[in-house]
1. Could you say whether any residue in region A:197-213 is more than 28 Å from B:GLY102 (Cα to Cα), within 14 Å of chain B (Cβ to nearest Cβ), among the charged types (D, E, K, R) and not in a helix (DSSP H, G or I)?
2. Among (1) farther than 29 Å from B:ARG116 by Cα; (2) at pLDDT below 95, where does A:ILE136 come up short?
3. Looking at this structure, is B:ILE2 buried (at least 21 other Cβ atoms within 10 Å of the Cβ) and under 26 Å from A:LEU213 (Cα atoms)?
4. Among (1) at pLDDT 95 or above; (2) out of contact with any His (no Cβ under 7 Å at 6 or more places or on another chain), which single condition is B:ASP81 missing?
5. Residues A:VAL108, A:VAL114, A:VAL71, A:VAL92: which one is at pLDDT 95 or above and within 24 Å of A:ARG155 (Cα to Cα)?
6. For region A:247-260, check the following and say yes or no: at least one residue is of a type in the set (Ser, Thr, Tyr), touching a helix residue (DSSP H, G or I) at 6+ places or on another chain (Cβ under 6 Å) and in a helix (DSSP H, G or I).
7. Quick one: which of A:GLU72, A:GLU54 is charged (D, E, K, R), part of a loop (DSSP other than H, G, I, E, B) and in contact with a helix residue (DSSP H, G or I) (Cβ under 7 Å, 6 or more places away or on another chain)?
8. Could we say that A:CYS48 is under 22 Å from A:SER157 (Cβ atoms) and not polar (S, T, N, Q) here?
2 protein chains.
Amino acid sequence: MIAIDWGTTSARAYALDHGGAIVAERSAPLGVQRITDGRFADALTSLCTGIGSESLPMIACGMIGSRQGWVEAPYRHCPADFSAIAMSLTRVQGTRLAIVPGLMCRDVDGVPDVMRGEETQVLGILSEQRAERSVIVLPGTHSKWAIAGASGIERFSTFMTGELYAILRQQSILGRLAAEGSDDAALDQGVRRSLRRSAALSHDLFSARTLVLAGELAAQGVSDYLSGLLLGAEIASALRWLERSGVKDKLEPIVVGEASLVARYRRALALAEIDAMPGPVKAAAIGMWRIAKQAGMVRE
Amino acid sequence: MIAIDWGTTSARAYALDHGGAIVAERSAPLGVQRITDGRFADALTSLCTGIGSESLPMIACGMIGSRQGWVEAPYRHCPADFSAIAMSLTRVQGTRLAIVPGLMCRDVDGVPDVMRGEETQVLGILSEQRAERSVIVLPGTHSKWAIAGASGIERFSTFMTGELYAILRQQSILGRLAAEGSDDAALDQGVRRSLRRSAALSHDLFSARTLVLAGELAAQGVSDYLSGLLLGAEIASALRWLERSGVKDKLEPIVVGEASLVARYRRALALAEIDAMPGPVKAAAIGMWRIAKQAGMVRE
């Protein structure tokens, strides 16, 4: 089978053998935003030629199924288990490709939240876990926290941590104070500030400026301090959300993503006295394999 | 006397008569960031020629006294009353100009906050108020909430509301969803969402996207919804800060600034069941007049 994690800026294709093991892998800057005039079929050919037979079934997850993607794969509502997701694949006519739906959930006020691609990662992680309730953290531009269990994905919450960091670093008065450099102590200082009871993000962010003005933060520490403030705000808000969702005891989130980001999250979570475990690196490929099996696209 | 509110992008000069009444006024795009090669003396001449005799005393407040300004006027620590501020004017050598210092305060964790220019507006408002404790709100790129009383300015807190709005609107995925338009209902919806107990700004901002995706917010409402979220977050955080500062009863903040912004703040405050009063429009000029009198620069 060919499984494709097809996002906004890049796409990564995996060839999986009959047991679901990855035998080949290729990535290309062929994300949805980079494909012009709807030339998705060409992109698929370019991505997959040579990594597996042309007769293999193909499955994709991520922004390829968004309104800006190839064919829209409508959101499934939460809770959603493997079978619900496997039954909702969207076939792309004239190809062997099926697209995994994104998920939508609603908070207590009825306000929607969405994910597209992360649901597949979560299912990839669940396959290696027991059926008990788990908390799964997926850091990124729009970080996701998901509560998942025997019934699949119960609910989730998005935090704009990565995007806020990028625009503050690149566009704000705070970013203009920053010099290149990394500073773990400044990261910790930012996380701690956002974890305190009286935290207030749009006020606390300004302290990146005032601490520099007062000579109490080096310009080389500004980036990590900002990152820490945003990460701490994410963790503090997510912990309150988990508590309201009835998740309190033995909270051991699984953090999945790029290694340096996972390390940063585990460091910040430790400051909130939370032990987090790293998840499997190829969670998306594992998730797509499980979904494809459930959908009868492949047989072990 | 000539009083100059000299900020980052523009400068506004007022000619005041012997009673402190404004008799002439002029503004120019001669803010600190727009002056190259330190040509501040030329800018002063260009700004003030013709609005008053050259022999008049001159006073300025705002970014002109910052490290990037003409001469740095060091921050005074809070609390700071009229006399403390009047005793700390920085004279610009070779001119008749004195610059009002900015203020610095520290929160319970010792983290600094700063203002430069707003302290003069607060003093301008106090002059029209009785000596009891007041809450003064100064909306802007970096909004300030100040607690002031008989002893002058006790403490204050900054919220990056205006700057966050600008960069989210111009640079983020949320801004790309927005169409031109104004929508009071969307503004109120954003304010209410940020005022709720379980508000979490970096999560709630994402709802500007999901509500559009779900067809529950029009593209024309995105800008005001974002503005409402940020404004509601400022108000919620400021109210907690006021409570920790012992300000609880009969809270009637005075909101000072550009008319449409004052109206927007009063509307949002009303959703938190807070009656706010508009302050005097020329608060900076009034404040500079009071400081100059206290410093003996002018006599009524």
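1. Step one: filter region A:197-213 for residues more than 28 Å from B:GLY102 (Cα to Cα), giving A:197.
When the remaining residues are screened for being within 14 Å of chain B (Cβ to nearest Cβ), the result is A:197.
Subset that is among the charged types (D, E, K, R): A:197.
Going one step further and asking which of them are not in a helix (DSSP H, G or I), we end up with A:197.
Within region A:197-213 (the criterion being more than 28 Å from B:GLY102 (Cα to Cα), within 14 Å of chain B (Cβ to nearest Cβ), among the charged types (D, E, K, R) and not in a helix (DSSP H, G or I)), the answer is yes, since at least one residue qualifies.
2. Unmet for A:ILE136, out of (1) farther than 29 Å from B:ARG116 by Cα; (2) at pLDDT below 95: (2).
3. Working: buried (at least 21 other Cβ atoms within 10 Å of the Cβ): yes; under 26 Å from A:LEU213 (Cα atoms): no.
The answer is no for B:ILE2.
4. (1)
5. Working: A:VAL108 fails: at pLDDT 95 or above; A:VAL71 fails: within 24 Å of A:ARG155 (Cα to Cα); A:VAL92 fails: within 24 Å of A:ARG155 (Cα to Cα).
Just one listed residue meets the conditions, A:VAL114.
6. Let us first name the residues in region A:247-260 that are of a type in the set (Ser, Thr, Tyr), namely A:260.
Adding the requirement that they be touching a helix residue (DSSP H, G or I) at 6+ places or on another chain (Cβ under 6 Å) leaves none.
Checking region A:247-260: not a single residue is of a type in the set (Ser, Thr, Tyr), touching a helix residue (DSSP H, G or I) at 6+ places or on another chain (Cβ under 6 Å) and in a helix (DSSP H, G or I).
7. Values: A:GLU54 fails: in contact with a helix residue (DSSP H, G or I) (Cβ under 7 Å, 6 or more places away or on another chain).
Sole residue among the options that is charged (D, E, K, R), part of a loop (DSSP other than H, G, I, E, B) and in contact with a helix residue (DSSP H, G or I) (Cβ under 7 Å, 6 or more places away or on another chain): A:GLU72.
8. On the way: under 22 Å from A:SER157 (Cβ atoms): no; not polar (S, T, N, Q): yes.
Here the answer is no, as A:CYS48 does not meet what is asked.
The values are calculated or read from the model by the stated rules, or taken from the named source; none is laboratory data. Predicted model only: the values in this text are computed from it and were never measured. Positions of Cβ are backbone-derived with ideal geometry, glycine not excepted, and every protein chain shown enters the neighbour counts.
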